[in-house]
Structure formats: C-alpha cells, structure tokens
Amino acid sequence: MLLGSLIALVMLKVLQPIVKFQLCIVGFHRYGHLALEPEVFLAEQELSKSRLNAKKRVVNLWSFGPTSMQSNAYLASKWKDALIVIPSWLVSGLHDAGSLISRLKLEEPKLSITGSQNGLDKTAAHLSFSIDEIAEGNRQLHEIGIDPNRPHVCLIVRDAGHYKAQGEIESPGYNFLNFDINNFASAAKELLAHGFQVVRMGSGSEQPFLSAPKGVIDYALMNKRSEFLDVYLAATCEFAVSTQTGPDAVCMLFRRPVLYVDVTRYGQFFFGSKLATWSPARLLKNGKELNLSEIVNSDIAWYKDPSLFIQNGISQKKSSESEIRDLVSSYIDHRKIQSADICGVRKLVSVGMGERGRLQFGEVTAKLLPNADQILGEWVRK
C-alpha cells in the first residue's frame, strides 16, 4: 500500500504546476467538527474566490475517516454531494508516504469550526436535502409525533452520556460541561405556550426528561432515533436551545439560529456569527465571582479542556430552572430583532480576546440577550 501511495503522490506532484492538491482531514469522530469543518472551509473558500490564483486550480481531497468511527455516518456520506471524498485508507497512505519523503507531502490546511471570515453569516449552507430526503424526513417527523408544517425547537442539553455513546471514557473534568435536562422543564413549557413543538435531542443522552411537560418529545431516548433524523431535526428547526455541544453545530451548518445557555468555553464559541445568541456562565475563581472583563482578558477564555477550569480553581454556578426559562422567554421575544451591542459586550469580547480572537472567529457578531443582566445579574455589565 505504501508503494502505491508513493506512486500516487509522485503523479499528483507532476501535476503540481497546473493543479495544487491538498488533503483535508476532518475531525470525523466529533459531531460538531464533522458538521462545521467542511462547511466553514467552503464558506471561506467562496468568500476568497476572487483572491485565488486563476493560473493554478486547487483540488481538495477530503477524508471523513472509517465509517465505523464517524460520529454521524449519514452526515459524513452527505458531504460527498459537495466535496471530493476519498477512502480513509488512501488518505492514510498518502499522509504516511508524504511523511517519509517531505518533498512529496501534500499540504493539509488547518480546519476550523468557527473560521476568521464570518463565513456562516455571509454564505448559504453548502448542503441541502433532496426531494426524496425531505419526503423521508417529514415521514420520520410524523412517526415521532412532529408536525412538519409547524415549527419545532430543539433542546440540545449535554449530559454524562455524551462520550459514552461513542465508546469513550469521559474525564472527570467534563462534568463541568454537563447539565440536568430537568432544569429545562420550565423553558420547555414556555416554548409550548408559544406554539412551538419541543424536541429533546442528544445521541447517547442517559438522563430521562422526567419533569418534561406534556407535549415534549424526548427524542434522545427514543428507539426510533436515526442518524438521518438527528441531522434533519436540527436542520429544519425554528431554532435551538443549546448548552454548547456537538449537535448544535448542525443547526449552524444549515443556518438555523441557536440560543446558547451558560457559555463557558469562549475560544470554541461562535462569536463570529449572528446566528448565535448567548448568555455567559457564572464563573467563580476560588469562590469569587468573575465578571466578563476578567474572563475575556485572561487565559480562562481560552480553556478548551474543562479540566483546566478545575485545576485553576474555577467553578461554575449554573443557571437555575427559572433563569433558563426567563432566558428562553426573552429569546422568543427578541430573536428576530437586530440588537445593538448590549452592555458593550461585543466590544468587550473583541478587545479582550484580541488578535487571537479575531483569527479564531473574525468580527464579533454574536448577540447577547438584551436583558441578560436583568436575568443573570449586574455582573454581566462589568
């Protein structure tokens, strides 16, 4: 196999004067990365077309890994509609051969779920459903009790089953990111009162939604779950309420708005998209509550591994059930209004996270809820 890969690399390099080949290797084992790494790449490529060298065509060869390891095999397969996808064994061979002979190595562009050009706001989704898929999607919606002609809202709440479903052991630090779905019961009731159908999402969720009001569909624990329907529900929702976890990336991919509750990992948040509305988590350092300025002007904003919060004495006071209800109620009232920079938060985040932030997510356009400070407290202003 290695010899064949070397021969293939030589052939690709011979064409290099007129065609540049690149290997794009997606983080296929993470749902959010599977959804948005290709989408953000295509969006930024579309925005940059006028700056490309017209004399040399760029051909991107994509890898989505072995089917058995993909976080959603349907979505990985769907990307074949928009990309040149090659077998994972061939990608591994080309990568290994290039490592042996550096002159033959193909460039591997760095992929991102956020991007630095605000591409999700400036382009349309690069995936769409066929007529047959729409018909099948609507049929499956009916099967789980959803009327396709009425708007539905996805509740995407991370719990301890998040990685167990993928056969992985979750480190103790990740409990920092988990929530009790039952604290979203009042929010679900509020959504139902406004005429929305409510669907609790989450592949591998292990906690039953015991306090869910009548009418909520606990799809996460249904035996009718499918990888196709996981995508279709998120892609066709009116909006989603999320705790910053993988499935909400599918909403962003299909340009569906999302309300993010208790955002902790700023460096991985979609600050560069108007689709995102957020409320910050209350973080405490050694028992003292931190204000937004203290967070964005420190390394705390860039903690990726949640264990870092714990190691550095950072704890979280999660929003109460009534606060989550009020956040959702406020979002329902304000979601279609182009809000100003509430409390100067966009500027605060932009200045605090600096050039590194600009390279990570571009211009800060995500919206803070207009009355977040009234719901969560005056610290939001500081």
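The values are calculated or read from the model by the stated rules, or taken from the named source; none is laboratory data. From a predicted model like this one, the values you see are computed outputs, not experimental measurements. When we count neighbours, we look across all protein chains shown, and the Cβ atoms used for this are built from the backbone with ideal geometry, even at glycine.
Within the set of pairs 6 or more residues apart or between chains, which connect a residue that is more than 21 Å from PHE228 (Cα to Cα) inside region 78-89 to a residue that is of a type outside the set (Val, Ile, Thr) and exposed (fewer than 12 other Cβ atoms within 10 Å of the Cβ) with Cβ atoms less than 9 Å apart?
Qualifying pairs under 9 Å: TRP89/MET1.
Quick one: which residue in ALA212, ALA249 is among the small types (Gly, Ala, Ser), in contact (Cβ under 8 Å) with a residue 12 or more places away in the chain and surrounded by 22 or more Cβ atoms within 10 Å (Cβ to Cβ)? So that I can check it myself, show each step before the final result.
On the way: ALA212 fails: surrounded by 22 or more Cβ atoms within 10 Å (Cβ to Cβ).
After ruling out the rest, the residue left standing is ALA249.
Just for region 230-246: of the residues that are more than 12 Å from the chain's Cα centre (by Cα) and either assigned by TED's automatic domain parsing to the domain that holds ALA43 or farther than 20 Å from GLU39 by Cβ (or both), which one is surrounded by the fewest Cβ atoms within 10 Å (Cβ to Cβ)?
Selected residue: GLU238.
Which helices (runs of 4 or more DSSP H) does region 270-345 wholly contain that include 2 or more residues that are in contact with a helix residue (DSSP H, G or I) (Cβ under 6 Å, 6 or more places away or on another chain) and acidic (Asp, Glu)? Steps first, answer last, please.
Values: elements: 292-296, 307-311, 321-334.
Qualifying helices (runs of 4 or more DSSP H): 321-334.
Looking only at residues that are within 21 Å of LYS367 (Cβ to Cβ) and acidic (Asp, Glu) in region 311-339, which one is modelled with the lowest pLDDT?
This residue is ASP333.
Can you tell which of GLN197, GLN244 is within 27 Å of ALA125 (Cβ to Cβ) and in contact with a Ser or Thr (Cβ under 8 Å, 6 or more places away or on another chain)?
Numbers: GLN197 fails: in contact with a Ser or Thr (Cβ under 8 Å, 6 or more places away or on another chain).
Only one candidate passes the filter, namely GLN244.
Filter region 86-117 down to residues that are part of a loop (DSSP other than H, G, I, E, B) and of a type in the set (D, E, K, R) and give me whichever is surrounded by the fewest Cβ atoms within 10 Å (Cβ to Cβ).
In this case the residue turns out to be LYS110.
ALA220 is checked against (1) buried (at least 24 other Cβ atoms within 10 Å of the Cβ); (2) within 23 Å of TRP278 (Cβ to Cβ); (3) in contact (Cβ under 8 Å) with a residue 24 or more places away in the chain and fails just one. What number does that condition carry?
Answer for ALA220: the failing condition is (3).
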